[in-house]
Amino acid sequence: MRTEQPQMIYLKDYQAPDYLIDETHLTFELFEDHTLVHAQLLMRRNPARGAGLPALALDGQQLELLSVSLDDIELTAEDYQLSDSHLILHPTSEQFVVDTSVRIHPESNTALEGLYKSGGMFCTQCEAEGFRKITYYLDRPDVMSKFTTTVVAEQHSYPILLSNGNPIASGPDEDGRHWATWEDPFMKPAYLFALVAGDLWCVEDTFTTMSERSVALRIYVEPENIDKCQHAMTSLKKSMRWDEETYGREYDLDIFMIVAVNDFNMGAMENKGLNIFNSSAVLARAETATDAAHQRVEAIVAHEYFHNWSGNRVTCRDWFQLSLKEGFTVFRDSEFSADMNSRTVKRIQDVAYLRTHQFAEDAGPMAHAVRPESFIEISNFYTLTVYEKGSEVVRMIHTLLGAEGFRKGSDLYFERHDGQAVTCDDFIKAMEDANGADLSQFKRWYSQAGTPRLAVSEHYDAQQHTYSLTFAQSCPATPDKIEKLPFVIPVELGLLDAGGSEIALQLAGEAAASGTSRVLSVTEAEQTFTFVGINEKPLPSLLRGFSAPVKLSFDYSRDQLMFLMQHDSDGFNRWDAGQQLAVQVLQELIAQHQRGEALVMDQRLVEALRTVLGNEQLDQAMVAEMLSLPGEAYLTEISDVADVEAIHVAREFARKQLADSLFDALWTRYQANREVSKATPYVAEAEHFARRALQNIALSYLMLSGKPQVLAAALEQFEHSDNMTERLTALAVLVNSPYEAEKAAALASFAEQFKDNPLVMDQWFSVQAGSTLPGGLQRVRELMQHPAFTIKNPNKVRALVGAFAGQNLINFHAADGSGYRFLADLVIELNGFNPQIASRQLAPLTRWRKYDAARQALMKAELERIRSSGELSSDVFEVVSKSLA
Ligand code: B3K
Ligand code: ZN
């Protein structure tokens, strides 16, 4: 909690640190009612900062200072200044040693930042600024130090004592206590520090690196979860191999550890050699985790592992550069997942997510550049923009330089900056230098917020046999900037002839045609490209693979979209054509509803999906993706003013129409896939994910038909599946159905079976929180009273409240404002003990500009109520005040 108005911090004010910390020696004495932390810092004046010895301001919050000495001389209160946030010392030599002892209270730390307890175990979360809640320090990423850590705890309750690096010594202590010392040979900033103490079991494996070094791999979990680690271990080994093969990056310590904890504010954390994970991002086995959860575990294990180079060996100079490590690492993990599974399906899922959620953020009051220029609370900037848009920016560099050029650039980056804390400019410079490229205009992607629009028009000249495409780019104003300069927008495209074949591409001025899919760089506000030798008017396939994070518009007819759905050689664009067709059809239904007319759906959507469903050659995961209509959140994002009811009614109407018209085809494919599933043991691989994805979306459509054989099938799948993917889908379709007795029975038996597994209970909560049937808020309120729910656990809050406010739009946006009031009450409560989670849950209220006047007023009133609810954390203060600005 703050005592003064939180201050804005600016990138332009960055200054290198006055002092450096060469070595950090920590001792933790863990007790049930307090912890003692002794820190010895071997410090010196930063030679880069010139002469003189300015005061040394160590960061520290919520610490009880017990003693401090400078060069072994204990200081008295006159020798230093102490405030809520700093301990100020006055060094008298260039080189000196600071010793501090502090008392902290992990046992009552509910913010889950710094050192805290999750169940019976001690663990840490230091990024971004949590280390200052552990000891007095220069808690900034450009201060890198060599750490040695000794942990002392009671032996029986905490047999496992872990920290970063390699274990170097351990032994018994008096009073049934014991100790262990860890040494991390790599210089690192404090945000990568980690400590774990608990009664943990581990699954162990080894990995032989490309230079034949053997690395011990360990995944530590609470004993009851020891049977759920294999998938994460396999994912880890695949990640290690992939990073060697794709980036030439080898692991550097003798041991790599992952620890799963139940109480965690986000997915996972890349602490050097000791990754700490939300248990939801580690534990996965067929019976308890869905296919989506298996893929998420694989992706997060990879992401954190990849940070060892993109984040740890080369880290960020300051927190404005966060996307340097996060955007790059998301790009790396998405390419890894694409290589491990289906590339096109991965791209579709990432783009659907980006367009729905990041585009909404970029159009809202918290919009910021990939490299923001100011912030109040850095925890608020672990955003979709920094991560997902940041990854798209790196992907565009990859597209512009090609895979080989990109690899040359990343090799140079890692070589040049190993052991350093650097900036996004350094990353770009390495890419430029390795390729002789000029990315100066491209860098606007780092400094300009907002989603660019790219309007494309065509002109065919039958006499000249030329075809011209004109691109007009613009970018809406965002809170940081009104006027935007043109971006570099790589547009991958192809041209299709009337038979659906791809035309060889030759731009005016080129000697010959080359290729049928090419990347054009759009760099001006308006720019025309002319293709020659085009003998008939072609149909363009634009922005293939979503080659830039923009909103592209081209005036396609529905027939043209259907043609692209069938013939485009780019799988992503085949899917996207289907989405654009569905958007057109849904928007027509929305308009009909708003005019009070009976809804009449364009049957071309039915026919297009009938063709998709009948194509047995198509990857079944693609069929499933193509059958998925754009979500309500996406339809909201692309509306100027979102009509909550009309969007819901139109989309449900379309789903029912598709279910009725395509019943036979859906039923055939459902049954065929369910038969295979019954006969096949669970395998967490792409082909099996694909089969179950199609089976499950088919079931969710079929259920809308109201036919008894479908209810029987759903019950059969619910009762007899050997895996959570099938079981949970069956539960979800029952929960969303009118079959009250079956629904109640299924919910009860599921809860009974899985009551001891918190991650499965999270899914049980989410399925109910997401049900769009009337009475959603009441159901959520009742579920908050369920014994398995606790507001102190972030996963529970996300499963119930996050799913309700984020996915159940028709209920959350109830016209009486009850959903808003509920969420505001919750945010006020969360603000009191976990500011990071409070601020995250607030996001749906910040989107008020998207809604009608009545809802806007209700949403703003709730934001106002939060603002005046008492002492706000800097996290909540920043989001609320920017949302109301
Ligand atoms: N680097 C962490 C995120 C830390 C969030 C701190 N509020 C996880 C990741 O991106 O890998
Ligand atoms: Zn990350």
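The values are calculated or read from the model by the stated rules, or taken from the named source; none is laboratory data. Owing to the predicted nature of the structure, the values given are computational and were not obtained by experimental measurement. In this analysis, Cβ positions are derived from the backbone assuming ideal geometry, glycine residues included, and neighbour counts consider all displayed protein chains.
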TODO: Would you mind finding the one in Arg343, Arg317, Arg296, Arg313 that is among the charged types (D, E, K, R) and within 30 Å of Thr478 (Cα to Cα)?
DONE: Arg317
TODO: Residues being away from ligand 2 (no atom under 15 Å from the Cβ) and outside any loop (DSSP other than H, G, I, E, B): count how many of those fall in the range 369-391.
DONE: 3
- [ ] Please determine, by comparing only the residues of the range 433-468 that are touching a residue at least 12 places away in the same chain (Cβ under 8 Å) and among the acidic types (Asp, Glu), which one is nearest to Pro540 (Cα to Cα).
- [x] Glu458
Open item on the list: Checking the structure you have, find out if any residue of the range 425-443 is within 30 Å of Gly533 (Cα to Cα), away from ligand 2 (no atom under 16 Å from the Cβ), in a loop (DSSP other than H, G, I, E, B) and out of contact with any strand residue (DSSP E or B) (no Cβ under 6 Å at 6 or more places or on another chain).
Closed with: no
Open item on the list: If I ask for residues that are within 15 Å of Gln763 (Cβ to Cβ), touching a residue at least 60 places away in the same chain (Cβ under 8 Å) and among the hydroxyl-bearing types (Ser, Thr, Tyr), which ones from the range 688-728 would you list?
Closed with: Thr725
Task: Ala854 hydrophobic (A, V, I, L, M, F, W, C), within 16 Å of ligand 1 (Cβ to nearest atom) and at negative phi - done: no
Task: Residues (touching a residue at least 40 places away in the same chain (Cβ under 8 Å) and within 16 Å of ligand 2 (Cβ to nearest atom)) located in the range 257-272 - done: Ile258, Phe264, Asn265, Met266, Met269, Glu270, Asn271, Lys272
- [ ] Taking Gly515 as the residue in question, decide whether it is small (Gly, Ala, Ser), surrounded by fewer than 18 Cβ atoms within 10 Å (Cβ to Cβ) and without any contact (Cβ under 8 Å) to a residue 60 or more places away in the chain.
- [x] yes
TODO: Find the residue count for the range 157-184, including only residues that are in contact (Cβ under 8 Å) with a residue 24 or more places away in the chain and either farther than 29 Å from Asp59 by Cα or of a type in the set (Ser, Thr, Tyr) (or both).
DONE: 8
Task: Val394 vs. criteria in a helix (DSSP H, G or I), of a type in the set (Val, Ile, Thr) and within 16 Å of ligand 1 (Cβ to nearest atom) - done: yes
Open item on the list: If I filter the range 283-293 for residues that are within 16 Å of ligand 2 (Cβ to nearest atom) and polar (S, T, N, Q), do I get at least one hit?
Closed with: no
TODO: Give, as residue ranges, the strands (runs of 3 or more DSSP E) completely inside the range 512-612 that count at least 1 residues that are under 19 Å from Gln473 (Cα atoms) and among the small types (Gly, Ala, Ser).
DONE: 518-522, 539-541, 551-553
Open item on the list: When you scan the range 386-407, do you find a residue that is aromatic (Phe, Trp, Tyr), closer than 30 Å to Asn831 by Cα and either at pLDDT 95 or above or surrounded by fewer than 23 Cβ atoms within 10 Å (Cβ to Cβ) (or both), even just one?
Closed with: yes
- [ ] Could you please find all residues in the range 342-364 being over 14 Å from the mean Cα position of the chain (by Cα) and of a type in the set (S, T, N, Q)?
- [x] Ser342, Thr344
Task: Members of the range 815-866 that are of a type in the set (Gly, Ala, Ser), surrounded by fewer than 21 Cβ atoms within 10 Å (Cβ to Cβ) and more than 24 Å from Asp263 (Cβ to Cβ) - done: Ala815, Gly817, Ser818, Ala853, Ala854, Ala857, Ala861
- [ ] Looking only at the range 1-51, count how many residues are of a type in the set (Asp, Glu) and surrounded by 13 or more Cβ atoms within 10 Å (Cβ to Cβ).
- [x] 4
Open item on the list: Testing Val330 on (1) within 15 Å of ligand 2 (Cβ to nearest atom); (2) closer than 21 Å to Val261 by Cβ; (3) β-branched (Val, Ile, Thr), one condition comes back false. Which one is that?
Closed with: (2)
TODO: Being among the charged types (D, E, K, R) and farther than 11 Å from Thr315 by Cα is the filter here, so list the residues in the range 406-425 that pass it.
DONE: Arg407, Lys408, Asp411, Glu415, Arg416, Asp425
Task: Complete set of residues in the range 867-884 that are crowded, with 20+ Cβ neighbours inside 10 Å and assigned to a loop (DSSP other than H, G, I, E, B) - done: Leu872, Ser873
TODO: Would you check if Thr124 is under 27 Å from Leu20 (Cβ atoms), assigned to a strand (DSSP E or B), hydroxyl-bearing (Ser, Thr, Tyr) and touching a residue at least 24 places away in the same chain (Cβ under 8 Å)?
DONE: yes
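To keep it simple, each residue is scored yes or no on (1) within 29 Å of the chain's Cα centre (by Cα); (2) among the charged types (D, E, K, R); (3) over 20 Å from Glu64 (Cα atoms).
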{"site": "Ser83", "(1), (2), (3)": "no, no, no"}
{"site": "Ser93", "(1), (2), (3)": "no, no, yes"}
{"site": "Leu115", "(1), (2), (3)": "yes, no, no"}
{"site": "Cys126", "(1), (2), (3)": "yes, no, no"}
- [ ] Determine whether Ala369 is within 23 Å of the chain's Cα centre (by Cα) and either small (Gly, Ala, Ser) or surrounded by fewer than 17 Cβ atoms within 10 Å (Cβ to Cβ) (or both).
- [x] yes
